[in-house]
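Worksheet: one structure, shown below.
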Amino acid sequence: MKKVLIVYWSSSGNTETMAKQVAKGAEEEGAEVILKTVGEVSPEMVKEAEALAFGSPAMGDEVLEEDEMEPFIAKLSKAELGGKSLGLFGSYDWGDGQWMRDWVIRMKGLEAKVDGEGIIARLEPDEAALGECYELGKRLAK
Ligand SMILES: Cc1cc2nc3c(=O)[nH]c(=O)nc-3n(C[C@H](O)[C@H](O)[C@H](O)COP(=O)(O)O)c2cc1C
């Protein structure tokens, strides 16, 4: 059974809804899914997982959430991420997805196998975004 770790930060619940859909897809594909908010996760847990998904809304000025998600991501290295499938997702509002483009490049720099271009949803995720999250979960479980 593949071990998939899903880590997210969410304040008004939009990114959390996406995280739950990723979890659903992975579970229905038969993975062992660990779904956690970022405050509950250590780099060691990332190292133990076989596939990963990280979620953060666009915050600040087109950056990751700064108090918890940014410090968590900054601690990671090739030791935890190298060669692993990684899905990125998150909600935004007024921007154009720049935070996600930057995040994808950053994670590729640590040799993660980033799934596509990341999944972004404007505010509350619509059916299409939820479907993408579900399919991401299925891919991560394979
Ligand atoms: C302090 C703050 C900063 C934000 N900065 C951005 C931003 O730079 N770009 C953007 O598109 N949306 C920005 N947003 C909007 C959030 O990304 C959006 O409300 C998102 O749906 C929140 O996701 P959540 O429900 O998972 O917390 C910001 C929201 C807040 C509260």
Identify, please: which residue in segment 102-121 is among the charged types (D, E, K, R) and closer than 17 Å to Glu65 by Cβ and is, among those, most open to solvent (accessible area, probe 1.4 Å)?
-> Arg106
Mind checking which pairs have a first residue in segment 52-66 that is without any contact (Cβ under 8 Å) to a residue 12 or more places away in the chain and a second that is of a type in the set (A, V, I, L, M) and near the ligand (Cβ under 6 Å from one of its atoms), Cβ under 7 Å, 6 or more apart or different chains?
-> Glu66/Met59
Do the conditions hold for Gly25, that is, is it more than 14 Å from the ligand (Cβ to nearest atom), closer than 20 Å to Ala121 by Cβ and crowded, with 18+ Cβ neighbours inside 10 Å?
-> yes
Candidate set: segment 28-57, residues that are out of contact with any strand residue (DSSP E or B) (no Cβ under 7 Å at 6 or more places or on another chain) and assigned to a loop (DSSP other than H, G, I, E, B); chosen: the one most open to solvent (accessible area, probe 1.4 Å) | Glu29
Search segment 122-142 for residues being in contact with a helix residue (DSSP H, G or I) (Cβ under 8 Å, 6 or more places away or on another chain) and part of a loop (DSSP other than H, G, I, E, B), and hand back the single one that is surrounded by the most Cβ atoms within 10 Å (Cβ to Cβ).
-> Pro125
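The values are calculated or read from the model by the stated rules, or taken from the named source; none is laboratory data. Note that the structure is predicted; figures quoted are calculated from it, not measured. FYI the Cβ positions are ideal-geometry reconstructions off the backbone, even for glycines, and counts take in every protein chain you see. In case anyone asks, the SASA skips ligands and DNA or RNA and just uses the protein heavy atoms, side chains included. Shrake-Rupley method; radii C 1.70, N 1.55, O 1.52, S 1.80 Å.
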